[in-house]
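The values are calculated or read from the model by the stated rules, or taken from the named source; none is laboratory data. Not measured: the values here are computed from a predicted model. Cβ placement follows ideal geometry from the backbone for every residue including glycine, while neighbour counts extend to all protein chains displayed. Surface areas here come from the heavy atoms of the whole protein model, side chains and all, with no ligands, DNA or RNA. Shrake-Rupley method; radii C 1.70, N 1.55, O 1.52, S 1.80 Å.
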Amino acid sequence: MARRKKRIPTPPYRSCYEEDQAANLKKRKVAFDYELKQYTFHMPSTKRGLICDSCGSTKMKQQAKYTPDFTLYYKGSRKKRFIIVETKGKMLAPVRNKDAAFVEEYPDIDYRLVFMANNKLSRTSKTRYSDWATKVGIKYAVGDIPDAWLKELGYKVPKNYDTEIRKYYGI
């Protein structure tokens, strides 16, 4: 049996999943930007044994940077109102910690996750990505960016769109 060729994402996208989501948004004629802005925030330090010189606290924070995948704009808002959508294939613990810290520091930003699959956090865990997102308070979807999110942004979604998407992806 012949081996399947590995698909490589075309620049500027970092993964084929991001590229597919962008193609999906372009097909739906949704106004979006890819990796537009970088946010700076603070998250709990991963270094152990640190103690603050001034107050003696062991709960140290470190500065981190985050660049979201997609910024989706409300229709007709001239890029003033938006939601941030991050696409995730695999969500390891450091990424989960970073996402939780980002949401905690920027509660006024509408931040959402789209998982490639609703996997378990680890082999031994019973908790799935969706369970974690619910616990942290992040809206999520599995697969593609849902029609409901686009309707919320003010875009019209055709009734037969789901069938078109299945044809596009060959499902």
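Annotations
For (1) closer than 25 Å to GLU19 by Cα; (2) open to solvent by less than 20 Å² (accessible area, probe 1.4 Å); (3) at pLDDT below 90, each residue gets a yes or a no:
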{"position": "ILE51", "(1), (2), (3)": "no, no, yes"}
{"position": "THR71", "(1), (2), (3)": "yes, yes, no"}
{"position": "ARG81", "(1), (2), (3)": "yes, no, yes"}
{"position": "LYS90", "(1), (2), (3)": "yes, no, no"}
{"position": "TYR111", "(1), (2), (3)": "yes, yes, no"}
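- If you go through segment 7-47 and keep only what is polar (S, T, N, Q) and closer than 17 Å to TRP149 by Cβ, you end up with GLN21, ASN24.
- Enumeration of residues in segment 78-99 that are free of Cβ contacts under 8 Å to residues at least 40 places away in the same chain and not in a helix (DSSP H, G or I): ARG78, LYS80, ARG81, PHE82, ILE84, GLU86, LYS90, LEU92
- GLN63 meets all of the listed conditions (1) touching a Phe, Trp or Tyr at 6+ places or on another chain (Cβ under 8 Å); (2) closer than 24 Å to GLU18 by Cβ; (3) open to solvent by 90 Å² or more (accessible area, probe 1.4 Å) but one, namely (2).
- If you filter segment 120-144 down to residues that are open to solvent by 70 Å² or more (accessible area, probe 1.4 Å) and assigned to a loop (DSSP other than H, G, I, E, B), you find that the one that is nearest to TYR73 (Cα to Cα) is LYS126.
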